[in-house]
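Written below as structure tokens is the structure these notes are about.
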DNA sequence: TGAATATTGATAATGGTTTCCATTAACAGG
DNA sequence: CCTGTTAATGGAAACCATTATCAATATTCA
Ligand SMILES: [Mn+2]
Ligand SMILES: [Mn+2]
Ligand SMILES: [Zn+2]
Ligand SMILES: [Zn+2]
């Protein structure tokens with residue numbers, strides 16, 4: 001009955017606690033990056049060489065469903081994942097994406113004001129369109145300083 | 001030298017005005033939906049059966065580059081496109097996405113306040129992270145009223 | 001009009017993600 | 001602890017949106 005919140009979450013939904021699942025959480029816990037399935041696989045193989053890429057995809061999908069990870073598309077042709085409640089990160093943040101080198105910055109500037117407005121908007125939208133809103137994304141796209149220098 | 005703004009834009013960038021390009025603009029002008037490349041292709045074939053899907057992709061890519069259309073990912077595994085300055089739509093809007101049936105609603109509620117905050121945020125982020133910001137996306141994800149009823 | 005060249009469209013290739021299915025591992029009940 | 005039931009795994013093949021290739025065609029402009 002004890003254990004990290006994500007184990008609790010798995011249990012609540014009737015899913016089993018397995019090595020691959022724990023390993024993937026471990027990898028996501030230890031990075032500030034937004035890893036793709038294959039990047040996670042590469043790290044995972046170092047720990048357990050017999051793990052399969054299929055399992056990575058399946059697990060990330062499961063975790064996304066139950067809210068343990070969040071799946072993003074930043075426009076580079078592959079999905080990227082981030083642990084919900086990553087201890088290395090601020091809880092709520094939005095994203096700044098370099099369309100050239102694909103660098104992703106988590107920013108929290110103005111996030112308080114943004115959140116306030118987001119909540120207000122979310123309420124209004126829920127009422128007006130009868131939507132049950134789960135989450136939102138805010139992405140700013142542009143060119144990072146390094147890519148600007150390099151032309 | 002005259003003609004719609006997108007023709008001007010093509011010309012400014014040194015691209016030619018061709019039938020497929022005009023046709024794709026026409027299709028996007030006449031819908032409020034967010035069409036995928038294949039959906040556009042299906043409409044295009046009705047007008048010119050010899051058009052190729054490749055051309056659709058190429059053209060949408062070109063239009064995205066020069067700002068004539070905007071490309072979005074709403075999480076259903078294919079890119080979706082929307083004409084910039086579609087006469088059927090409000091200029092600036094954000095999106096409400098049903099994760100179940102993939103319905104997409106353009107909303108403009110609070111968009112004025114949002115935009116104000118977005119501009120402020122954009123300025124602050126540009127300065128702080130030395131980013132040259134081109135655009136942003138705001139997506140709310142949830143379940144639409146119909147999908148709620150259907151369980 | 002005709003040469004120069006940008007664009008097109010058919011086909012094949014790519015690559016991230018899913019599906020399939022036989023094998024393995026988790027775990028509740030004994 | 002065993003053990004049976006059933007969920008989870010991993011390798012291979014399939015899937016499918018998107019891209020690359022390249023010969024044929026259309027546009028532009030002198
Ligand atoms: Mn992030
Ligand atoms: Mn829209
Ligand atoms: Zn960059
Ligand atoms: Zn729906």
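Across region B:27-58, what is the number of residues that are part of a helix (DSSP H, G or I) and either touching a helix residue (DSSP H, G or I) at 6+ places or on another chain (Cβ under 8 Å) or surrounded by 18 or more Cβ atoms within 10 Å (Cβ to Cβ) (or both)?
The total comes to 13.
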Can you tell me which condition residue B:19 does not meet? The list is (1) within 16 Å of DNA strand D (Cβ to nearest atom); (2) within 12 Å of chain A (Cβ to nearest Cβ), and all the others hold. (2)
Considering each residue of region B:63-77, count those that are within 16 Å of ligand 2 (Cβ to nearest atom) and either free of Cβ contacts under 8 Å to residues at least 24 places away in the same chain or part of a helix (DSSP H, G or I) (or both), and give that number. 4
If you scan region B:81-95, which residues turn out to be more than 15 Å from residue B:32 (Cβ to Cβ) and modelled with pLDDT of 95 or more? none
What's the number of the only condition in (1) under 29 Å from residue B:141 (Cβ atoms); (2) touching a helix residue (DSSP H, G or I) at 6+ places or on another chain (Cβ under 6 Å) that residue B:73 fails to meet? (2)
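To keep it simple, each residue is scored yes or no on (1) assigned by TED's automatic domain parsing to the domain that holds residue A:15; (2) away from ligand 2 (no atom under 16 Å from the Cβ); (3) in contact with a strand residue (DSSP E or B) (Cβ under 7 Å, 6 or more places away or on another chain); (4) at pLDDT 95 or above.
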| position | (1), (2), (3), (4) |
| --- | --- |
| A:49 | yes, yes, no, yes |
| A:57 | yes, yes, no, yes |
| A:61 | yes, yes, no, yes |
| A:79 | yes, yes, yes, yes |
| A:97 | no, yes, yes, yes |
Scanning region A:44-65 residue by residue, those more than 11 Å from DNA strand D (Cβ to nearest atom), away from chain B (no Cβ under 14 Å) and under 22 Å from residue A:16 (Cβ atoms) turn out to be none
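The values are calculated or read from the model by the stated rules, or taken from the named source; none is laboratory data. Quick caveat, the model's predicted, so the values are computed rather than measured. Positions of Cβ are generated from backbone atoms using ideal geometry, with glycine treated the same way; all protein chains shown enter the neighbour counts.
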